[in-house]
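Engineer: Just dropping this structure here.
The values are calculated or read from the model by the stated rules, or taken from the named source; none is laboratory data. The shown structure was predicted, so the numbers you read here are calculated from the model rather than taken from an experiment. A quick note on method: Cβ atoms are made from the backbone with ideal geometry, for glycine too, and the neighbour counts reach across all protein chains shown.
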Amino acid sequence: MKILQVMAGAAHGGAETAFVDMCIALSEAGEQVEVATRPNPLRVGRLMKAGLKVHELRFGSAWDLYTPFKLKKIICNFQPHIVQTWMSRAAQKTPGWHKSDKIQRYLVVSRLGGYYKVKHFKNTDYFTTITPDIRRYLIEGDVAEDKVRHINNFAETEDVINPVNRAALDTPKNAPVLLALGRLHESKAFDTLQRAIKDIPGVYLWIAGEGPQRAELEQLCAALGLTDRVRFLGWRDDRAALFQAADMCVFSSRYEPFGTVFVQSWAQKTPLITTDADGPRQYVRDKEDGLVVPVDDVKALSAAIERIVGDSELSERLVLNGYRRYQEEFTKENTVQSYLSFFHEILEKEELSSAA
């Protein structure tokens, strides 16, 4: 099957990482994959290293007419069976098939990781959503039920031989280490997380990510007197090594439609603390495979951190149950097979061939 993957994307972000992971996973599964995305050294570098053909496009504002024109050219040359778009900008720029194109018909499948306005998806034939609630949202927005399929994200992390060296991050060998990953943005509530550790002596916090709130978070860190215990690591491509060096993962988001970080924590057998933001609330079971606290509740978050630090039996139970959830619901193999099954199903429904 030929699949064109399309994403505009920010410089950094979880959706952008999931996009690259999925493109590579589909290629590794034996599908013919090409990619259209904005120029980005990290993303494009990973994709090209994996052997994928990458088309770098602007994905500008509404006045950007070159991107849809170029996408049509790419589609005509590649002749995909499926064009999968990520988020609203890519869907808006991706042209739907028309009989005047004089090429085989293709289906536009939009993958939604958030509650986007349906009006941005006029050229979309089918949808996939990363949570049941986003699927509900689309159906309530008058999208036909048989046009929407919920498919979980998968947790993909790199192979790792050794954990990150704590000394290299100026962190004591035996100190409890909290790992937080994500874009440095207000939605991730890293400010709340810093306040939560202020009065927990000896705990270190590694924040792996980059984004517009970095200067503000560093200023808060200094104001709270945490400069000696908080490490801003920037955007990292060694997620597994970080997880294996940490004692727990803390997912402090205020707003999170899904949140692949909690799945990565399960996959890496790292005790999980999360808020009850939309995504985690649909999956994480409090005190069974993670500790769940209210959004922006500093005291509750502090108490959860202290519980993990002081209760090894609890930590072991969370790890065991979390890893079981990962194996049953969030492996790469399960997600890729779910996508391919859906693609074949809709192509057959539309009486289209998936033969290359």
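Engineer: Looking at the range 179-226, which of the residues that are of a type in the set (Lys, Arg) and part of a helix (DSSP H, G or I) is farthest from ASP296 (Cα to Cα)?
Structural biologist: Step by step, filter the range 179-226, then rank; the result is ARG214.
Engineer: Which numbered condition trips up GLU216, out of (1) under 21 Å from TYR255 (Cα atoms); (2) at pLDDT below 95?
Structural biologist: (2)
Engineer: Out of curiosity, is PHE343 part of a helix (DSSP H, G or I) and either within 15 Å of GLU156 (Cα to Cα) or of a type in the set (Phe, Trp, Tyr) (or both)?
Structural biologist: The answer is yes for PHE343.
Engineer: So, in the range 265-288, of the ones that are part of a helix (DSSP H, G or I) and free of Cβ contacts under 8 Å to residues at least 60 places away in the same chain, which residue ends up surrounded by the most Cβ atoms within 10 Å (Cβ to Cβ)?
Structural biologist: Going through the qualifying residues, I end up with SER265.
Engineer: Can you confirm whether the range 69-78 contains a residue that is part of a loop (DSSP other than H, G, I, E, B) and surrounded by fewer than 16 Cβ atoms within 10 Å (Cβ to Cβ)?
Structural biologist: no
Engineer: Can you spot a residue in the range 194-216 that is of a type in the set (Lys, Arg) and either in contact with a Pro (Cβ under 9 Å, 6 or more places away or on another chain) or not assigned by TED's automatic domain parsing to the domain that holds SER302 (or both)?
Structural biologist: Scanning the range 194-216, I find no residue that is of a type in the set (Lys, Arg) and either in contact with a Pro (Cβ under 9 Å, 6 or more places away or on another chain) or not assigned by TED's automatic domain parsing to the domain that holds SER302 (or both), so the answer is no.
Yes/no matrix, rows are residues, columns are (1) outside any strand (DSSP E or B); (2) in contact (Cβ under 8 Å) with a residue 40 or more places away in the chain:
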residue	(1), (2)
ARG89	yes, yes
PRO95	yes, no
ILE103	yes, no
VAL109	no, yes
GLY114	yes, yes
THR124	yes, no
THR128	no, yes
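Engineer: Could you list, in sequence order, all residues of the range 29-46 that are farther than 20 Å from HIS81 by Cβ and in contact (Cβ under 8 Å) with a residue 12 or more places away in the chain?
Structural biologist: Answer for the range 29-46, where residues must be farther than 20 Å from HIS81 by Cβ and in contact (Cβ under 8 Å) with a residue 12 or more places away in the chain: ARG38, PRO39, ASN40, LEU42, ARG43, VAL44, ARG46.
Engineer: Continuing with this model, one more query. Select from the range 130-152 the residues that are touching a residue at least 12 places away in the same chain (Cβ under 8 Å) and among the hydrophobic types (A, V, I, L, M, F, W, C) and write down the one among them that is nearest to TYR339 (Cα to Cα).
Structural biologist: Of everything passing the filter in the range 130-152, ILE151 is nearest to TYR339 (Cα to Cα).
Engineer: Considering only residues of the range 1-31 that are surrounded by fewer than 22 Cβ atoms within 10 Å (Cβ to Cβ) and touching a His at 6+ places or on another chain (Cβ under 9 Å), which is modelled with the lowest pLDDT?
Structural biologist: Here the residue is GLY13.
Engineer: Restricting the search to the range 98-122, which residues are buried (at least 18 other Cβ atoms within 10 Å of the Cβ) and not aliphatic (A, V, I, L, M)?
Structural biologist: Residues satisfying the conditions are TYR106, SER110, ARG111, GLY113, GLY114, TYR116, PHE121.
Engineer: Could you say whether any residue in the range 145-164 is part of a helix (DSSP H, G or I) and more than 24 Å from THR335 (Cα to Cα)?
Structural biologist: Checked against the condition, which is being part of a helix (DSSP H, G or I) and more than 24 Å from THR335 (Cα to Cα), the range 145-164 yields no hits at all.
Engineer: Going through PHE243, PHE262, PHE251, PHE232 one at a time, which residue ends up being surrounded by fewer than 21 Cβ atoms within 10 Å (Cβ to Cβ) and either within 27 Å of ASN162 (Cα to Cα) or at pLDDT 95 or above (or both)?
Structural biologist: Matching residue, one of PHE243, PHE262, PHE251, PHE232: PHE232.
Engineer: Here's a follow-up. For the condition outside any helix (DSSP H, G or I), farther than 30 Å from ALA144 by Cβ and touching a residue at least 24 places away in the same chain (Cβ under 8 Å), what is the one hit in LEU318, LEU291, LEU301?
Structural biologist: After ruling out the rest, the residue left standing is LEU291.
Engineer: In the range 199-215, which residues are more than 21 Å from ALA167 (Cα to Cα), touching a residue at least 12 places away in the same chain (Cβ under 8 Å) and exposed (fewer than 15 other Cβ atoms within 10 Å of the Cβ)?
Structural biologist: Result: ASP199, PRO212.
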